[in-house]
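*Asks:* Please find one structure pasted underneath; my questions will follow.
The values are calculated or read from the model by the stated rules, or taken from the named source; none is laboratory data. Please read all numbers here as calculations on a predicted model, not as lab measurements. Quick reminder, even Gly has a Cβ in these numbers, built from the backbone with ideal geometry, and neighbours come from all protein chains shown. For the accessible areas, the whole protein counts, side chains as well, though only heavy atoms, and no ligand, DNA or RNA atoms are used. Shrake-Rupley method; radii C 1.70, N 1.55, O 1.52, S 1.80 Å.
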Amino acid sequence: MKVPPALLFFLLLFHWMPSSDSSQQDTCQTCRSLVDNFNKGLERTQRENFGGGNTAWEEEKLAKYANSETRLLEVLESVCSTSDFACHQLLEQSEDHVEHWWFHEQQQHPDFFQWMCMDTLKLCCPSGMYGPDCQTCPGGTEKPCSGYGQCDGEGTRGGTGLCMCQTGYGGPFCSECGDGYYEAARNDSHLVCAECYQACGSCSGPEDTSCLRCKRGWMLHNQRCIDIDECGTDMAHCRNNQFCVNTEGSYECRDCAKACIGCMGAGPSRCKKCNKGYQRDGVKCLDVDECAGEVEEPVCTAANEVCENTEGSYRCVCAEGHLRKEGICVEDKPPGKSQQGHFSFTCLSITSLYYFLQRRWQIYLIFLLPAVFPTTAL
C-alpha cells in the first residue's frame, strides 16, 4: 500500500519530535546556561567598572551604575552565543522577568537561578528532585540513588526519577551489588562492589568456586561454572553451509570452505559433499582442472580461444595476440595497417618506374642497344 505524502510527513514529524520529558530537561539546561552566563557578565562588568573610587563623586557614579539599565543591557549582550537559538528564544520570552528581577527582586532574592528557573518559569527543580512537581529522587535529596547512580531528570521538571546505577551496582536505589558483582565491603554509608569470576552471574566472592549462579552459556557444577559446548547440542543454530565453533560461554558460526556443500569443520577435508567444480580426492574436495581434460565435455571450443582454470571453475579467454570483439576472438592488430603498407609500396613502385622510363629512355638507347645489337651499332 502506498503511503500518502502528507501522512508520511506527519509520521516523520512525530518520529523526530522530542518527548516532553526530553524537552523539559533541555529547557532547564538552557535556563541554567543563561543564568550562568548572566552571572559571568555581572563579574565581567564589575571588574571593568568597579575598580574603586577615590572621590565621593566616583563612588556615587559607580553605585548608580551597579543597578542601572546600562549595566543590565551590557550583561544581556553576552548571555547567548550567536548560534544558540534556544537561549535567544528563552531570553526573548523571559525579558520582562529578567528586568523585573533586576530592578525589584534581586535584593530580596539574590539567587537568580532559583528565582528565575525554579520559582518563576518552573523549568528546573532543586538538586535531588525531578518531575513536574519536583518529587524527591529515590534515596533522598542528600544522596540520590545512594550516591551510586543518577536519578533520571534530577534537577529538571522532566524525567522518570528512576535510578541509573553505576557499573557494579543495582536495585531500585542502587544500594545493592548488580549482576556479576559481590559485596566486598559495606557499612552504614558506603558499599563497595567487586566483580565476580567471569563465568558467574552472581557470587559470594572472587574465586571460581564462589559462583551462586552462572551466566548464559555456562552451567553450575559444584559451585563452579562450566562452559556449555553448544556445538555438541541442539542449542547451536548455524545455517546450512556453516559449521559451529565453541567459545567460552557461547559459540560461533563460520562459513564452510568454497569446495564444500555442508561441512563439519574448516577446510576442504571437512566437507560433507563436494561443490560443483570440485571432486573428492581421498578425504579432500579438490579443484577440477577443466582445462586439462578432467571433464567429459570439451571446453573453450570457439576459434582462437584457450581455457584458463580458476578455483572451482574455469574461463575461456582469447589466445595470445587476440582480443574479444562482439563475442569472438580476433587478431589484435590496428585496422588496415598491413593493407595500407602494401598499397603504399605498390603505388610507389609503379610511379617510380613510370618516371624512370619516361625521363631516362635516352640512356637505354645509347647504352643498352649497342650492347644488345652490336652489329647494328657498327
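*Asks:* Which residue pairs have Cβ atoms closer than 9 Å, lie 6 or more positions apart in sequence or on different chains, and pair a first residue in the stretch 147-163 that is touching a residue at least 24 places away in the same chain (Cβ under 8 Å) with a second residue that is surrounded by fewer than 23 Cβ atoms within 10 Å (Cβ to Cβ) and among the basic types (Lys, Arg)?
*Replies:* Filtered contacts from the stretch 147-163: GLY155/ARG32; ARG157/LYS122.
*Asks:* Looking only at the stretch 295-304, which residues are modelled with pLDDT under 90, touching a strand residue (DSSP E or B) at 6+ places or on another chain (Cβ under 8 Å) and open to solvent by 70 Å² or more (accessible area, probe 1.4 Å)?
*Replies:* None - no residue of the stretch 295-304 is modelled with pLDDT under 90, touching a strand residue (DSSP E or B) at 6+ places or on another chain (Cβ under 8 Å) and open to solvent by 70 Å² or more (accessible area, probe 1.4 Å), so the list stays empty.
*Asks:* Name the single residue, out of those in the stretch 111-146 being aliphatic (A, V, I, L, M) and under 39 Å from the mean Cα position of the chain (by Cα), that is farthest from PRO172 (Cα to Cα).
*Replies:* Start the filter on the stretch 111-146 by keeping residues that are aliphatic (A, V, I, L, M), which leaves 116, 118, 121, 123, 129.
Okay, now just the ones that are also under 39 Å from the mean Cα position of the chain (by Cα), so 123, 129.
Values: LEU123: 26, MET129: 16 Å.
Ranking the candidates gives LEU123 first.
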